[in-house]
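Shown next, in structure tokens, is the structure this report addresses.
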Amino acid sequence: MAEFVDSFESMSHIGPAVTVFGSARTKRNDPMYRKAVQTGRLLVESGFAVITGGGPGIMEAANKGASEAGGVSVGLNIQLPSEQKPNPYINHPLDFRYFFTRKVCFVKYASAFVLFPGGFGTLDEYFEAITLVQTHRIERFPVVMIGHDYWRGLVDWMRQTMLKSKLISPEDLDIFVCVDEPKEAVEHIRHWRAQRDAAERRKMT
């Protein structure tokens with residue numbers, strides 16, 4: 001309960017934000033690391049704070065891009081026996097002991113999710129997000145996967161196995177998009193936000 005109270009109080013001041021996920025094991029010389037840095041920078045330039053899990057790899061890269069662009073760079077660090085320690089590019093740190101409280105913050109304060117190649121943790125966040133959207137537990141928002149080569153097998157399996165078996169609906173495959181470049185990802189999020197803001201203005205008139 002204390003983690004919920006403290007995190008909600010702290011996160012309520014960050015403004016519109018995008019949560020970026022990806023592997024903690026991605027090396028700094030990996031092309032995806034450089035793309036994550038670019039994504040963090042472009043998000044800040046588009047008026048968003050950047051939220052990550054606060055660790056190394058893709059998380060560090062996105063925080064680096066956000067920090068170097070002069071934006072809000074949030075790290076929701078989880079206490080783990082290996083892999084996870086806060087990266088040096090966070091200017092808004094929060095520490096968590098429990099995964100479930102941390103996961104609530106990832107979703108509650110995000111205007112979109114961006115997912116880079118990652119392992120079980122990244123897939124966990126991805127499937128939780130699209131499940132929450134599919135079941136209308138949260139308002140629909142952009143879920144953008146970067147790297148066609150990495151994600152193609154998973155998406156093809158959804159289409160050829162899950163959809164063919166009628167375990168999901170055709171419109172469920174529209175919950176997410178897959179792109180290759182940071183500019184495409186950020187432009188998709190900006191377009192979505194502009195449409196949403198326009199719809200909100202129409203409701204008020």
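Laboratory data are not the source of any read-out in this text; all were calculated from the coordinates shown. Computed from a predicted structure; not experimentally measured. Cβ coordinates were reconstructed from backbone atoms using ideal geometry, including for glycine residues, and neighbour counts include every protein chain displayed.
Odds and ends about this structure:
- Where helices (runs of 4 or more DSSP H) sit wholly within the range 1-116, those with at least 3 residues that are farther than 18 Å from Val179 by Cβ and touching a residue at least 12 places away in the same chain (Cβ under 8 Å) occupy 2-11, 58-68, 99-108.
- Lone qualifier among Phe21, Phe99 - being hydrophobic (A, V, I, L, M, F, W, C) and loosely packed, with under 15 Cβ neighbours inside 10 Å: Phe99
- Counting the residues of the range 94-143 that are out of contact with any strand residue (DSSP E or B) (no Cβ under 6 Å at 6 or more places or on another chain), within 16 Å of Gly75 (Cα to Cα) and not hydroxyl-bearing (Ser, Thr, Tyr) gives 8.
- For Tyr150, the criteria (1) assigned to a helix (DSSP H, G or I); (2) of a type in the set (Ser, Thr, Tyr); (3) free of Cβ contacts under 8 Å to residues at least 24 places away in the same chain hold in every case but one, which is (3).
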